[in-house]
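One structure is given below, encoded as structure tokens.
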């Protein structure tokens, strides 16, 4: 009896305020879509970092014979300079940051170059002497690039130090900004959602004042009186959050996996599985929002 | 059943008290008329019993409980022991007679079979058998008040409070309502009725408590409406 009664009360409430209910659903839908997008963007960044940071290294390019760099004034790097640089990288203050160092000779670089650009007309014009020999350094912690760069930068015989991670920084910056944008919009929409849920519950409570008045009079418990209103808000918000999950799922499936995934294939993309990881949090967020708004409203409008 | 000990109720700070040091004892099974002009404190008295208000001073006991120290989550339990009837009936217009009465049981979580056996009984008792499917606007004022009484009494509360239940009804209809309240009183229910209706009070010859600007000025068993008669 209880459950059935509460359910029918909820049904009446939702239908009576249909337009308000729909607007609550839509606002939670949009706001949580933004929240979810922000989360997915961060997951995307995480995936790229995981995938790429394992591969990237710091390259210390040594002077070739025809370099215009100041530190290469003496022409091609000498064995002495090379030993010097090697010693600097082996020094105890740098050692803990370095996982592995290997030397790539001009010949090796040339071979790799030829392999990578096989069939290009300008590749055949390159000679071994156009190549740099280099130290390739794998860092224990890629964030500590500066420590390693400092000891070799500007030394005689070093043409340039390059952190391959730098190449990605710009991309990550763009993605981070996008996350902030989505997060900001989400925050604004969430405020709107809370206000709207509050108003909806208030309207609902006011339109049923006669009922709640009688309920109080005949001794219905506070919980029993307030539950239908709370559930009304929670149900509307939950539907909104499910729509948001559905929207994100479709977006990832068709935009990312089917479109981006086939046209730009070398990037590890977020998948619908990631959407499902985010989903419970979105639904929980919707329920918490609704609960907070109803507690605030109901304590004022259906006092015993 | 109901005991007031030096109860004072002040609504706004500095205002004249709505009730001023009222002491009163209503025994189980009594029928008490609460009379007095508008603003004399009758409604405040009933609201204090229902614990819709708290006394500013003094103590109120209802069904063995001191209401001042009753925590708010126990208030619903208290109200289940009190039926209340009002001048304006307070029925739900979109529910049938049956549903209106059943509502009182539904919202305190009574099982369905209990509702389906109790509600017809009480409707029969108040004389509305056969009108279960009507809506309030299809009924006369007297019948609507009978629905309200059925709703107040369906849970068999030991106390029934009536706030001018005949205020909107003509004398003949009022008499029918009074017969009904008398019958309910005979089942052992304590009835407290606030009223302006002198004819009824004079006819019934029950205990009369008169309030005047918040003070109790008369408490008379088998009394009449006007103190000068």
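Rule-based calculations on the coordinates, nothing more; no lab input. Predicted, not measured: the structure shown is a model, and the values here were computed from it. Backbone-built Cβ (ideal geometry, glycine too); neighbour counts: all protein chains shown.
Placing a pseudo-label 7 Å from each Cα along the Cα-to-Cβ vector at residue B:116 and residue A:108 gives an inter-label distance of 8.8 nm.
In terms of its C-alpha gyration tensor, region A:110-174 comes out oblate, because a/c is 1.5 or above while a/b does not outweigh b/c. Maximal additional length on extending the residue A:136-residue A:116 stretch stands at 5.4 nm, based on 0.36 nm per residue less the C-alpha distance. Compared with the dominant Cα axis of chain A, that is its longest principal axis, helix A:165-207 is turned about 0°. If you look at the Cα atoms of the protein assembly as shown, you get an Rg and a Dmax of 41.2, 131 Å.
When each of the peptides A:139-149, A:65-75 is scored by how many other beta carbons lie within 10 Å of its residues on average, the order from highest to lowest is A:139-149, A:65-75.
Ordered by the number of other Cβ atoms lying within 10 Å of each residue's own Cβ, fewest first, B:38, A:124 fall into the sequence B:38, A:124. Given a Förster distance of 45 Å, report the FRET efficiency between residue A:101 and residue A:177 from their Cβ-Cβ distance, rounded to the nearest 0.05. Once the sixth-power term is evaluated, E becomes 0.80. Here the calculated FRET efficiency for residue A:146 and residue A:292, from their Cβ-Cβ distance with R0 = 51 Å, stands at 0.70, rounded to the nearest 0.05.
Take each residue of peptide B:88-96, count the partner chain Cβ atoms within 10 Å of its Cβ, and average: the result is 2. Taking the fewest neighbouring Cβ atoms within 10 Å as the starting point, the ordered list for B:45, A:121 is A:121, B:45.
With the helix formula -39500 (n - 2.57) applied to DSSP H stretches of n ≥ 4, the protein assembly as shown reaches a computed 222 nm mean residue ellipticity of -17000 deg cm²/dmol.
The packing ranking, built from the mean of other Cβ atoms within 10 Å per residue, places the peptides B:63-76, A:48-61, A:212-225 in the order A:212-225, A:48-61, B:63-76, highest first.
With the simple spin-label model, which puts each label point 7 Å out from Cα in the Cβ direction, the residue B:183 to residue A:59 separation comes to 10.2 nm. Its Cα gyration tensor gives region B:79-125 an equivalent ellipsoid, and the semi-axes of that ellipsoid, as √(5λ) in whole Å with the largest first, are 17, 13, 11.
Between region B:68-114 and region A:237-294, the C-alpha centres lie 46 angstrom from each other.
Shielding value for A:221-227 is 3, the average number of Cβ atoms from other chains within 10 Å of each residue's Cβ. Dividing the convex hull volume of the alpha-carbon atoms in region B:92-156 by its residue count gives 73 Å³ per residue.
Evaluated over the Cα positions of chain A, the convex hull gives a direction-averaged projected area, one quarter of its surface, of 23.0 nm². Averaged over peptide A:210-217, the number of partner chain Cβ atoms lying within 10 Å of each residue's Cβ comes to 6.
Highest GNM mean-square fluctuation, chain B, Cα pairs closer than 10 Å: which of B:18, B:129, B:55? Most flexible of the set in this elastic network: B:129. In chain A, the longest principal axis of the Cα atoms and the axis of helix A:2-16 are about 80 degrees apart.
Under a no-solvent Debye model with one identical scatterer per Cα of chain B, what's log10 I(q)/I(0) at q = 0.18 Å⁻¹? Log-scaled intensity ratios, in q order: -1.36.
Across region A:57-163, the volume of the C-alpha convex hull divided among the residues equals 97 Å³ per residue.
Helix B:171-186 and the long axis of chain B differ in direction by around 80°, with both axes built from C-alpha atoms.
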